[in-house]
Amino acid sequence: MREILITGASRGIGKAIALKLLKEGHAISLGVRNKEDLMNTDLDPNLNNSKKFIVHKYDATDKDSSKEWVKNTVKAFGKINTIIHCAGIFKRTNLIFNDNEIKDIEYLWKVNVLGPWILTKDAWKYLSNHNSSRIIVLVSMSGKRSKGNLASYSMSKFALMSLCQTMRNEGWNQGIRVTAICPGWVNTDMAKEINNFPKEDMTQANDIANICSNLLELPNSSVPFEIALNCQLERTS
């Protein structure tokens, strides 16, 4: 069983992953911006009175937030050997953006790139001590190709993919294995405005949770760096 940090677990993919791994017996520490979002849900800490379950305040835009989360998780679990980065935001910012949209670009950068970077940095010494640690990052197919005119979102996801590659390079000799999961449309709130593609034909959050569970069982020699999930045909040219 593992000691796991999970971001973005109040809804969607992160929530599905947290529920799956908690049920399997892993020690789970959730980092959420608003603990109130979990009230009366399956991840309500008041309904999960377990020494293997923590909900902690975490804000990806606050560079000091992750330090407290990591420190208190280690205090409770004794170690950290897995991070699952699910927190992310979506903005429809075009290449030729309005002057007042610069704040959206900066916010995307802070949440989608700097957030995972800083949290990984703050937990690195604990990950390095395990010899079989895992970092799983929900990137996106938008981190592999630019489709349409979502300049800022694609920019942040390409940068996140690059960060994953560097995490892999720097952690390899310490047994840290990194997997970037790159789905297309997933049936979550982020896709609720997509009307030209059936929700039932999208990738489902529970399927990604199953993938994460399987990744944690694989030996260091067999962990894939990248998993691309296609719910529709992606043309290469």
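Closer than 23 Å to Val223 by Cβ and either in contact with a strand residue (DSSP E or B) (Cβ under 7 Å, 6 or more places away or on another chain) or of a type in the set (Gly, Ala, Ser) (or both) - does that describe any residue in region 87-96? Yes, the conditions are met somewhere in region 87-96. Contact map, region 177-201: first residue under 22 Å from Leu163 (Cα atoms), second residue assigned to a loop (DSSP other than H, G, I, E, B) and of a type in the set (Lys, Arg), Cβ cut-off under 6 Å, separation 6 or more or different chains; pairs are Cys182/Lys144. Would you check if there is a residue in region 164-178 being buried (at least 19 other Cβ atoms within 10 Å of the Cβ) and of a type in the set (S, T, N, Q)? No, there is no match, as no residue in region 164-178 is buried (at least 19 other Cβ atoms within 10 Å of the Cβ) and of a type in the set (S, T, N, Q).
For region 63-107, residues that are surrounded by fewer than 22 Cβ atoms within 10 Å (Cβ to Cβ) and among the aliphatic types (A, V, I, L, M) total 7.
Any read-out appearing in this document is the output of simple, stated calculations on the displayed coordinates, not a laboratory observation. Quick caveat: nothing in here was measured; it's all calculated off a predicted structure. Ideal geometry is used to build each Cβ from the backbone, glycine not excepted, and the neighbour counts take in all protein chains shown.
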